[in-house]
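In what follows, a structure is listed as structure tokens, so that the remarks can point back to it.
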Amino acid sequence: MTGKELYFRLLTYVKPYWRQFAVAIGAMAILAATEPAIPALLKPMLDGTFVDKDPQLIRWTPVALIVLFLIRGSMSFISSVIFEWVAGKVVMDLRLQLFERILMLPTAFFDANSTGNLINRVTFNVNQVAKASTNVLTIIVKDSIIVIGLLVYMLYLSWLLTLIMFVLLPIIGLIITFVARRLRRLSRSLQNTMGDMTHLLEEAVRGHKVIKVFSGQAYERRRFKQVANWVRRYNMKSEVAGSVHVPVVELAAAVMLALLISAGISNSYAGELTVGGFVSLIAAVGLIFSPIKRLTSINHALQKGLAAAESLFDLIDQAPEEDTGSLHLDRVEGHLEMQQVWFGYPGKSPDTLKGISLNAAPGETIALVGRSGGGKTTIAALIPRFYVPHSGRILLDGVDIQQLTLQSLRGNLSYVGQESVLFDDTVAANIAYGAGREVSREEIERAARDAFAYDFIERLPERFETRIGEDGVRLSGGQRQRLSIARALIKNAPLLLLDEATSALDTESERMVQQALQRLTENRTTLVIAHRLSTVKHADRILVISEGEVVEQGSHDELLAHGGEYADLCRLQFGE
């Protein structure tokens, strides 16, 4: 998008608040219109009081000055407050739209983009855009009116002397054009580097234990210093480029004033300008360069804002998850079938899954086992449509899941993974999260009991109202898993996906979680992914996945008797 297209798209976010914005613009216009009144008052004040000694002017000139600055002060206050309010609304609207888009993006997008860069867009880049959409526009309106008003007054005083200004304006214009291009490039680089810095910071916070254990502080410090230094350099380059106009405009002002003084003195001797008129003209010239400097300086903020807008609109314009399905099933029986499913991740060869087929009857527990990298987790990711198979079909109660709406499909699924994703909220809120509706305290407590979590919750400082910290950091691994199971229980979905739900637990925690899982899997079709084979011995059927294919299937005893890959896995784990 061109700079013009970007800016007009930004202004659409101001449109909902056009009434308040119009009031602020009106106040700004009045404030700007009073600027030429300052030099205009100097002429009668000097000529009428000091030269002519006019008593009327002597009496009313101070009153006029006080009234003038009262008007300026009130208009400045009104416009500043309203513009700040509008800018705050624009920032909030943009952040809400970005957050809503992030919630709707497909899983593949998150695979390709770092968390830090996404956070940076919602925090840093939005502020840059707000300055471009409101602050820049106010400066353009206010200072343009001031410049035009002062020029008109100067032409009224002496059109010949005023024409001197127009000799220097093209030079200023050429410098601004050059600086604008460089600022846009630097701003893009700065925002990308800020995203990298945010990403490194997020990694350091999330992985602080690993950093400490492996003495990685020096390495992380070097990485962060390198990126922070690039941020500093881009900031410095941007500041240098953005500040070039200041000395240029000030030099032009000095040259112009020198020319006006030399030309004006000869004019005044000829009687063409009074002393008050000449001083008034000089004052107008002095006043006009401040708005000109501000008008040239907005180029810095504008280019930063436009570069930030590019990254924001790139995220906003990302295609959301495809939801092409039209069928809605309230509650399925849980018959899950995969027919010759092939799938590969973008940029990865060969395919991860190669003609996978399985058939799970309602209420049946199917276990997927095999060495790491075989494709077990990918199978589980295809069922909620986090990814779409390249070929083959996945059926739920005989219906292709591509024909179901995402809400209908995922409403019939529950999931418990190896890493318990919990939110920095209360215990009750984390359990109720699974229901997707308002639930009573009795339902929450019943889910906690069924997940064997009630006893430890009762020992927490505020019981169910205890905040558990980021990712449940204040709880043990087994406690976090039991909360995840309680969350899945309260949803009461007919289809359950368990992805390494006990692999990171100690023996005692695993025993309690296994009890909770037995309660959870009752009367549900369950797909269990496990490396610990002890957790899948009692599955109705076990599928051995190797390099994207089902190489064996059967019960635990049948596969042991077969003496194939499953038996090899058992020997490795148990020495059987």
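The values are calculated or read from the model by the stated rules, or taken from the named source; none is laboratory data. Here the structure is a predicted model, which is why all the values come from computation and not from measurement. Neighbour counts are summed over all protein chains in view; Cβ atoms, including those assigned to glycine, are modelled from backbone coordinates with ideal geometry.
Residue check, G478 against (1) modelled with pLDDT of 85 or more; (2) surrounded by 22 or more Cβ atoms within 10 Å (Cβ to Cβ), all met but one. Which one?
Status for G478: all satisfied but (1).
Which of the residues spanning segment 101-128 are β-branched (V, I, T) and either over 9 Å from the mean Cα position of the chain (by Cα) or not in a helix (DSSP H, G or I) (or both)?
Within segment 101-128, T107, T115 qualify.
Might you let me know whether segment 497-509 holds any residue that is buried (at least 20 other Cβ atoms within 10 Å of the Cβ), in contact with an Asp or Glu (Cβ under 7 Å, 6 or more places away or on another chain), under 18 Å from A360 (Cβ atoms) and at pLDDT 80 or above?
No - not one qualifying residue is present in segment 497-509.
Listed here are the residues, each with its yes/no results for (1) over 19 Å from E321 (Cβ atoms); (2) of a type in the set (A, V, I, L, M); (3) not assigned by TED's automatic domain parsing to the domain that holds T378.
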{"position": "L68", "(1), (2), (3)": "yes, yes, yes"}
{"position": "R72", "(1), (2), (3)": "yes, no, yes"}
{"position": "S80", "(1), (2), (3)": "yes, no, yes"}
{"position": "E84", "(1), (2), (3)": "yes, no, yes"}
{"position": "G88", "(1), (2), (3)": "yes, no, yes"}
{"position": "D93", "(1), (2), (3)": "yes, no, yes"}
{"position": "E100", "(1), (2), (3)": "no, no, yes"}
{"position": "I119", "(1), (2), (3)": "yes, yes, yes"}
{"position": "V126", "(1), (2), (3)": "yes, yes, yes"}
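Can you tell me which of H245, H208 is in the same structural domain as I119 (by TED's automatic domain parsing), farther than 30 Å from V473 by Cα and at pLDDT below 70?
H245
Would it be correct to say that G149 is part of a helix (DSSP H, G or I), within 24 Å of the chain's Cα centre (by Cα) and either in the same structural domain as S311 (by TED's automatic domain parsing) or closer than 30 Å to A283 by Cα (or both)? Steps first, please.
Details: part of a helix (DSSP H, G or I): yes; within 24 Å of the chain's Cα centre (by Cα): no; either in the same structural domain as S311 (by TED's automatic domain parsing) or closer than 30 Å to A283 by Cα (or both): yes.
It is false that G149 is part of a helix (DSSP H, G or I), within 24 Å of the chain's Cα centre (by Cα) and either in the same structural domain as S311 (by TED's automatic domain parsing) or closer than 30 Å to A283 by Cα (or both).
Do any helices (runs of 4 or more DSSP H) lying entirely in segment 1-77 carry at least 1 residues that are at pLDDT 80 or above and farther than 19 Å from V129 by Cα, and which ones are they?
Numbers: elements: 3-11, 18-33, 37-45.
Passing ranges, in order: 18-33.
State the number of residues belonging to segment 520-560 that are at positive phi and loosely packed, with under 15 Cβ neighbours inside 10 Å.
Residues that pass the stated criteria total 1.
Would you mind telling me which numbered condition in (1) under 27 Å from the mean Cα position of the chain (by Cα); (2) not in a loop (DSSP other than H, G, I, E, B) I288 fails?
Status for I288: all satisfied but (1).
Which of the residues belonging to segment 342-365 are within 17 Å of L527 (Cβ to Cβ) and surrounded by fewer than 19 Cβ atoms within 10 Å (Cβ to Cβ)?
Within segment 342-365, S357, N359, A361, P362, G363, E364 meet the criteria.
Hey, does segment 341-357 have a residue that's touching a helix residue (DSSP H, G or I) at 6+ places or on another chain (Cβ under 8 Å) and basic (K, R)?
No - not one qualifying residue is present in segment 341-357.
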